[in-house]
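First the structure, in the form of C-alpha cells, and then the observations on it.
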Amino acid sequence: MEEYNEFFRIGQYTDAEAMTGCTVILCEDGVTGGVSVRGGSPNTRDTDALKSENNRKFVHGVTLSGGSAFGLAANAGVVDFLEENGIGRDMGITFVPNVVGASLFDLRIGRADVRPNYQAGRNACEQAFSGQQFQAGNYGAGTGCSVGTINGAKNAMKGGIGLYTMRHGNLWVTAVIAVNAVGDVYEEELGKIIAGARKPGEKKIGFSEELFLEHYQNEEALFDGNTVIGCVMTNATLPKAKMNKLADISHNGIARAIRPSHTTYDGDTLFVLGANQIEASFEAVSILAVEAVRRAIIAGTKTAATYGDYLAYQDV
C-alpha cells in the first residue's frame, strides 16, 4: 500500500466514450497547500487562496479535470460531496470545504460536447471513499490527454495520468500528473524522447522543439489546447510559504521530462499538499518532489493506450 493512503484519498471518474474525466485528491482533516502556475494558458479554481499572504490555512481537496474551462464544473460536485460528509471548515451552520483545481484541454479527442461536470466530481469522490485503486494511463484526468500536438492531432501521441512515489527514510513524496503537453516527453534513463510530435513518413518521434524553431516568425497559436496539471503530496511539515515554493520547484520535474515545457499554449499547474507529519529539510523534500513529478510523467506516458490517430508509447 502506498504511503499516501494514510492521509490522502484518490478517486477517478472516467468517461471512456467521450474520452474525458477527472481525478480528485481528498484530505479529510485538511492539509497545508501551495500552488504554482507556470504555463501561459491556465484554467484554475481558487488558486489565489493558496497565496502565502492570504488566509487559507488548509486544503481539503484538489480536482484535476479534462474539459478545458467547462471541466472546472467538477469542482462544485467535490465541494458539495465533502460538505455533505462533514468535511471542511466548521462554520457552525455548515462545513465549508477548501477545494482547489485545474483543468486541461482535451476537447479535440473523443466528444467535444461532453466534459467533466458536477456529477463527475461527485462520482470521483465516491470512488475515492470506496477505496478505488489508482489507475494510470487513460483514466481520470488523463483519459483525453495527448502530447506533441504542435504538428496537429494526426501527428500527436497519447498522454495519460501517472503516479509515482519517492522515499528516503521516513520521508515520502507522491506525485499525480496528467500529461497533456504541446511538447515531447523525454526519459532521462533512456536518453531519448519516448512520445511526442511526429511527421508523416518519419519513424523518429519528437519534433516539437524543431517545429517551434521552424515557425519562429509565426506569432499565431501553432496548436493551442494542452496543459500538464498535477498534485504533489508529502508527509513533511512545511509552512504555507514553503509549500508555495515547493510547488514552484516541483515544476523542474516537468522541465526535465517535457521539451519544450511551460509554453504559451500550456497551462501547466502544480498543487502541493503537506500532511505535516514529520520534520524534513526543504531541500530534501524538493529533491524528492522534482523526481516524483518527472517519473509520474513517464509513468503516465508509458501506460497510456492508443486512441484513434493518437498512438501510444507502447504501440510505436
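The values are calculated or read from the model by the stated rules, or taken from the named source; none is laboratory data. Given the structure is predicted, the values throughout are model-derived calculations rather than measurements. Using ideal geometry, Cβ is built from the backbone for each residue, glycine included, and neighbour counts are taken over all protein chains shown. In case anyone asks, the SASA skips ligands and DNA or RNA and just uses the protein heavy atoms, side chains included. Shrake-Rupley method; radii C 1.70, N 1.55, O 1.52, S 1.80 Å.
Of everything in region 12-57, what is closer than 19 Å to PHE95 by Cβ and of a type outside the set (Val, Ile, Thr)? Give them in sequence order.
LEU26, CYS27, GLU28, ASP29, GLY30, GLY33, ARG45, ASP46, ALA49, ASN55, ARG56, LYS57
Can you tell me how many residues within region 28-41 are open to solvent by less than 60 Å² (accessible area, probe 1.4 Å) and either closer than 15 Å to LYS245 by Cβ or within 13 Å of the chain's Cα centre (by Cα) (or both)?
6
Residue by residue through region 158-178, note down the ones that are among the hydroxyl-bearing types (Ser, Thr, Tyr) and within 17 Å of HIS251 (Cβ to Cβ). Explain how you work it out, then say what you get.
Residues of region 158-178 among the hydroxyl-bearing types (Ser, Thr, Tyr): 164-165, 174.
Passing the criteria: TYR164, THR174.
Please list, ordered by residue number, the strands (runs of 3 or more DSSP E) wholly in region 166-215 having 1 or more residues that are free of Cβ contacts under 8 Å to residues at least 24 places away in the same chain and either open to solvent by 80 Å² or more (accessible area, probe 1.4 Å) or of a type outside the set (D, E, K, R) (or both).
Counting at least 1 such residues, we get 192-195.
For GLY225, work out the one condition from (1) over 25 Å from THR264 (Cβ atoms); (2) surrounded by fewer than 24 Cβ atoms within 10 Å (Cβ to Cβ) it doesn't fulfil.
The number of the failed condition is (1).
Restricting the search to region 120-160, which residues are surrounded by fewer than 23 Cβ atoms within 10 Å (Cβ to Cβ), in a helix (DSSP H, G or I) and not aliphatic (A, V, I, L, M)?
Once the filter is applied, which keeps residues that are surrounded by fewer than 23 Cβ atoms within 10 Å (Cβ to Cβ), in a helix (DSSP H, G or I) and not aliphatic (A, V, I, L, M), region 120-160 yields ARG122, GLU126, GLN127, PHE129, ASN151, LYS154, ASN155.
Restricting attention to region 287-306, which residues are open to solvent by 10 Å² or more (accessible area, probe 1.4 Å) and either under 18 Å from ALA141 (Cβ atoms) or in a helix (DSSP H, G or I) (or both)?
Hits for region 287-306 are ILE287, LEU288, VAL290, GLU291, ARG295, ILE298, ALA299, LYS302, THR303, ALA305.
Do you know which residues across region 1-27 are over 24 Å from TRP172 (Cβ atoms) and either small (Gly, Ala, Ser) or more than 13 Å from the chain's Cα centre (by Cα) (or both)?
TYR13, THR14, ASP15, ALA16, GLU17, ALA18, MET19, THR20, GLY21
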